[in-house]
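The values are calculated or read from the model by the stated rules, or taken from the named source; none is laboratory data. Note that the structure is a prediction, hence the values are computed from the model and not measured. Ideal geometry is used to build each Cβ from the backbone, glycine not excepted, and the neighbour counts take in all protein chains shown.
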Amino acid sequence: MLGGFSMTAAAVAVVIDRQRVTQYRCPSRQSLTNWVVRTLAALPESPAGGEVTIRYVEPAESQSLNQQFRHQDQPTNVLSFPAEEDPSLPGPHTGAGLPYLGDLVICPAVVEAEAAEQGKSRRAHHAHMVVHGILHLLGYDHLSSDEAEVMESVETQVLAALGHPDPYTYNS
């Protein structure tokens, strides 16, 4: 039971639109689905499912999007684009009848470089970026220390449930 919430992962329905426009290896749709399901199941206020697009891109596309939307002229690990400005409102529904949560754009070149730098496994860091991104789609943030503490706590709990170590403890 995560965060005091007892919903089982089996009760969460998820549809993943996995897009790969990179030369890098990317997690399977099955892994992505498991990571998203575990994240949603951990949250008492989350929908009982949803659809998300996860697009894996080259550094140039990541940098372009990061510049356009965050005014940061460099590639980044994950960008989150919620379907709704107010995550507490129900998002648009897809053909699967599930709310559309939004889009994640992940740059595996950055993720893998960070994993190596931080002494983490590639898989654990990819899982962390998906969990982190999904939380952003649901309205979590880390702009203040209080927000960061809540978000990091959820990430740590979800990743532990997935068999990964605390993402904020580096081995380097």
Practice item. Could you list, in sequence order, all residues of region 29-48 that are free of Cβ contacts under 8 Å to residues at least 60 places away in the same chain and buried (at least 23 other Cβ atoms within 10 Å of the Cβ)? Key: 41
Practice item. Could you list, in sequence order, all residues of region 101-111 that are part of a helix (DSSP H, G or I) and either at positive phi or touching an Asp or Glu at 6+ places or on another chain (Cβ under 8 Å) (or both)? Key: 109
Practice item. Consider residue 141 carefully, then state whether it is farther than 16 Å from residue 34 by Cβ, at pLDDT below 95, under 15 Å from the mean Cα position of the chain (by Cα) and not aromatic (Phe, Trp, Tyr). Key: yes
Study note, to complete from the structure: Residues of region 112-139 being of a type outside the set (D, E, K, R), without any contact (Cβ under 8 Å) to a residue 40 or more places away in the chain and either surrounded by fewer than 24 Cβ atoms within 10 Å (Cβ to Cβ) or outside any helix (DSSP H, G or I) (or both), in sequence order, are 113, 115, 116
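Could you tell me which of the residues 33, 53, 76 is in a loop (DSSP other than H, G, I, E, B), hydroxyl-bearing (Ser, Thr, Tyr) and at pLDDT 95 or above? Working first, answer last.
Details: 33 fails: in a loop (DSSP other than H, G, I, E, B); 53 fails: in a loop (DSSP other than H, G, I, E, B).
Result: 76 is the single residue among 33, 53, 76 that is in a loop (DSSP other than H, G, I, E, B), hydroxyl-bearing (Ser, Thr, Tyr) and at pLDDT 95 or above.
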Study note, to complete from the structure: For region 18-44 the number of residues that are of a type in the set (D, E, K, R) and out of contact with any strand residue (DSSP E or B) (no Cβ under 6 Å at 6 or more places or on another chain) is 2
